[in-house]
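See structure below.
The values are calculated or read from the model by the stated rules, or taken from the named source; none is laboratory data. As the structure is a computational prediction, the values presented were derived from the model and not from experiment. Glycine also receives a Cβ, built like all others from the backbone with ideal geometry; neighbour counts cover every protein chain displayed. With ligands, DNA and RNA removed, areas are computed over all heavy atoms of the protein, side chains included. Shrake-Rupley method; radii C 1.70, N 1.55, O 1.52, S 1.80 Å.
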Amino acid sequence: MLILMAGLPGTGKSTLSQALSGEVGGTVLNKDQIRAALFPVADIEYSTEQDDFCMAMMLKVAGWIFRKDPARKVFLDGRTFSRAYQLKRATGYADAIGQPWRILECVCSEQTARERLAADCEHVAANRDFRLYLEVKARFEEITLPKTVIDTDQPIAECVAAALGEI
């Protein structure tokens, strides 16, 4: 199953995907880590074009994993999935290779996101801050595909339990 971790920066997508992966023996593919592995620091740009390129690589890796282990759960993390075309590309890929998909949309209060972003100074993405949160929020397109909303202001154990019921 391909699991898309959607939500604004700082809403807990990475924390939840790591916890879920541990519970189900899944694999997390993180866009920011993949970008850092693919590009020299001088060539990293936080553009839509580079984000889309990294997502295409993530989908190729997911496809390879599914060919070896069709029952694996693969979490796509590090992308907000704030645009309908991003969701369509990932879910369309899953459909094309015969894999079920789920969207987990992480949400939290703005204050929680601000605090998380301020506290996470070691994140690999240099542009990840509250300004980015506000920019993405301003252009976030409502997710109209079937999804499960996880309120990450709740304890992680409750978030994991809610998500496990859907995947």
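For segment 117-135, the set of residues classified as farther than 21 Å from I34 by Cα and either open to solvent by less than 90 Å² (accessible area, probe 1.4 Å) or not basic (K, R) (or both) consists of A118, A119, F130, L134, E135, listed by residue number. Filtering segment 80-100 to residues that are over 14 Å from I143 (Cα atoms) and either open to solvent by less than 50 Å² (accessible area, probe 1.4 Å) or not aromatic (F, W, Y) (or both) leaves G92, A94, D95, A96, I97, G98, Q99, P100. Report, by residue number, each residue of segment 131-152 that is within 14 Å of P9 (Cα to Cα), over 16 Å from the mean Cα position of the chain (by Cα) and not small (G, A, S). Across segment 131-152, the qualifying residues are R131, L134, E135, R139. Can you find even one residue in segment 105-122 that is of a type in the set (A, V, I, L, M), under 25 Å from M1 (Cα atoms) and in contact (Cβ under 8 Å) with a residue 24 or more places away in the chain? Yes.
Of all residues in segment 122-158, exactly one satisfies the criterion of being at pLDDT 95 or above and touching a Gly at 6+ places or on another chain (Cβ under 7 Å), namely T152.
Among K13, K60, which is within 21 Å of A138 (Cβ to Cβ), out of contact with any Ser or Thr (no Cβ under 7 Å at 6 or more places or on another chain) and either crowded, with 19+ Cβ neighbours inside 10 Å or at pLDDT 95 or above (or both)? Show your work before the answer.
Details: K60 fails: within 21 Å of A138 (Cβ to Cβ).
Answer to the check: K13.
Test each condition in (1) in a loop (DSSP other than H, G, I, E, B); (2) surrounded by fewer than 14 Cβ atoms within 10 Å (Cβ to Cβ) for A138 and report the one that comes out false. Condition not satisfied by A138: (1).
Every test in (1) open to solvent by 60 Å² or more (accessible area, probe 1.4 Å); (2) assigned to a helix (DSSP H, G or I) is passed by E45 save one, and that test is (2). Whether a residue is touching a Leu at 6+ places or on another chain (Cβ under 8 Å) and over 13 Å from C106 (Cβ atoms) was assessed, and E49 does not pass this test.
In segment 27-45, the residues that are under 18 Å from K73 (Cβ atoms) form Cβ pairs under 6 Å with partners that are open to solvent by less than 40 Å² (accessible area, probe 1.4 Å) and part of a strand (DSSP E or B), at six or more places apart or across chains, as follows: T27/V74; V28/F75; V28/D77; L29/L76; N30/D77.
Screening F53 with (1) in contact with a helix residue (DSSP H, G or I) (Cβ under 9 Å, 6 or more places away or on another chain); (2) touching a residue at least 40 places away in the same chain (Cβ under 8 Å) gives one miss only, at (2).
Let's see how each residue does on (1) within 15 Å of the chain's Cα centre (by Cα); (2) acidic (D, E); (3) assigned to a helix (DSSP H, G or I):
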{"site": "M58", "(1), (2), (3)": "yes, no, yes"}
{"site": "F75", "(1), (2), (3)": "yes, no, no"}
{"site": "C106", "(1), (2), (3)": "yes, no, no"}
{"site": "Q111", "(1), (2), (3)": "no, no, yes"}
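In segment 19-38, how many are under 23 Å from V136 (Cα atoms) and open to solvent by 10 Å² or more (accessible area, probe 1.4 Å)? Break it down into steps so the answer makes sense when it comes.
To start, the set of residues in segment 19-38 that are under 23 Å from V136 (Cα atoms) comprises 28-36.
Subset that is open to solvent by 10 Å² or more (accessible area, probe 1.4 Å): 28-34, 36.
Result for segment 19-38: 8.
Here the condition is being at pLDDT below 95, more than 14 Å from the chain's Cα centre (by Cα) and among the hydrophobic types (A, V, I, L, M, F, W, C); of A119, A71, it holds for A119 alone.
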